[in-house]
Amino acid sequence: MAALGQGEAARDFFQKSLAIIERLARAEPERADYQRDLSVSYNKLGELMAALGQGEAARDFFEKDLAISERLARAEPERADYQRDLSVSYGNLGDLMAKLGQSEAARDFFQKSLAIRERLVRAEPERADYQRDLCVSYERLGDLLRKDGNVGAAGAYFRQSLAILERLADAEPERADLQRDLVAPLTRMAQLEPDKAHAYLGRALQILRTLKSAGRQFAQLDEWIAILEQSLEQLGPASY
């Protein structure tokens, strides 16, 4: 109930903010910055509605966000920030469709998001944030395909994500966030390749223990370590 109450309060604040931005956008519709702010407001409300389990309301806000993102990206296709915004809008709708059990629609949105992110990475391969966005797309598609029973295709996406994250972590080993990012794809691969599960989970556990010993604490670190230790214990000794 407390969480629900906080959600209702957040919605009230977001809607008040939205009302102001909508007035500004109506008064000066040629202002792209107002349109972008409006898109962000719709997106925030969509995320909140999704978290509250109000799927149709979330879809309405996400579709409004997407419509603006598509217009801005079409008007200035050279703007990488608009292209990235569009990839996020597609991804959010994909997430929602997946939650609603609409796998085909989810896959379509995820693939549109992926296509944009691949173009952005090709244009600026040195941008680590674009590389991480690309990993998110690979993992979303992998999760969806695995759920639909297409384990082979899911594994291909997970391996692509893991390869990118390994490169990023190797390039900046001092960055705890990049090390932490490796844990999720390693656990996914452990599920897809049971014969290698011990190696994948052991590596994930070692990453987390190293972060803890270095004082790089983050929320749920101890919980993740406990889960991995339990999983490895259930697997038994590694066989070589």
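Annotation: of all residues in segment 64-106 being hydroxyl-bearing (Ser, Thr, Tyr) and out of contact with any Ser or Thr (no Cβ under 6 Å at 6 or more places or on another chain), the one that is farthest from Ser41 (Cα to Cα) is Ser103. When Asn92 is tested against (1) surrounded by 16 or more Cβ atoms within 10 Å (Cβ to Cβ); (2) without any contact (Cβ under 8 Å) to a residue 24 or more places away in the chain; (3) within 28 Å of Gln54 (Cβ to Cβ), just one condition goes unmet, and that condition is (2).
No other residue among Gly155, Gly149, Gly202 is at positive phi and over 14 Å from the mean Cα position of the chain (by Cα) apart from Gly149. Among residues of segment 17-33 that are in a helix (DSSP H, G or I), those with a beta-carbon under 8 Å from a residue that is among the aliphatic types (A, V, I, L, M) at least six positions away or on a different chain give the pairs Leu18/Leu38; Leu18/Leu45; Ile21/Leu38; Glu22/Leu38; Ala25/Leu38; Ala32/Leu72; Ala32/Ala75. Residues in segment 58-80 that are surrounded by fewer than 23 Cβ atoms within 10 Å (Cβ to Cβ), touching a residue at least 12 places away in the same chain (Cβ under 8 Å) and of a type in the set (Gly, Ala, Ser) were compared, and the one that is nearest to Glu124 (Cα to Cα) is Ala80.
Each row is one residue, and each column tells you yes or no for (1) among the β-branched types (Val, Ile, Thr); (2) at pLDDT below 95; (3) more than 30 Å from Arg26 (Cα to Cα).
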| position | (1), (2), (3) |
| --- | --- |
| Ala58 | no, no, no |
| Leu66 | no, no, no |
| Glu76 | no, no, no |
| Gly91 | no, no, no |
| Leu96 | no, no, no |
| Ala123 | no, no, yes |
| Arg132 | no, no, yes |
| Leu141 | no, no, yes |
| Asn150 | no, yes, yes |
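From the list Glu193, Glu166, the lone residue that is assigned by TED's automatic domain parsing to the domain that holds Tyr138, under 25 Å from Leu134 (Cβ atoms) and at pLDDT 95 or above is Glu166. Of the residues making up segment 73-89, just one is within 27 Å of Leu52 (Cβ to Cβ) and in contact with a Leu (Cβ under 6 Å, 6 or more places away or on another chain), namely Ser89. Scanning segment 197-216 for residues that are assigned to a helix (DSSP H, G or I) and either out of contact with any helix residue (DSSP H, G or I) (no Cβ under 7 Å at 6 or more places or on another chain) or not assigned by TED's automatic domain parsing to the domain that holds Leu134 (or both) turns up Ala199, Gln206, Thr210, Ser213. Can you confirm whether segment 61-79 contains a residue that is closer than 26 Å to Asp148 by Cβ and β-branched (Val, Ile, Thr)? There is no residue in segment 61-79 that is closer than 26 Å to Asp148 by Cβ and β-branched (Val, Ile, Thr).
The values are calculated or read from the model by the stated rules, or taken from the named source; none is laboratory data. What you see is a predicted model; the values in this text were computed from it and never measured. Neighbour counts run over all protein chains shown; Cβ positions are idealised from the backbone, glycine included.
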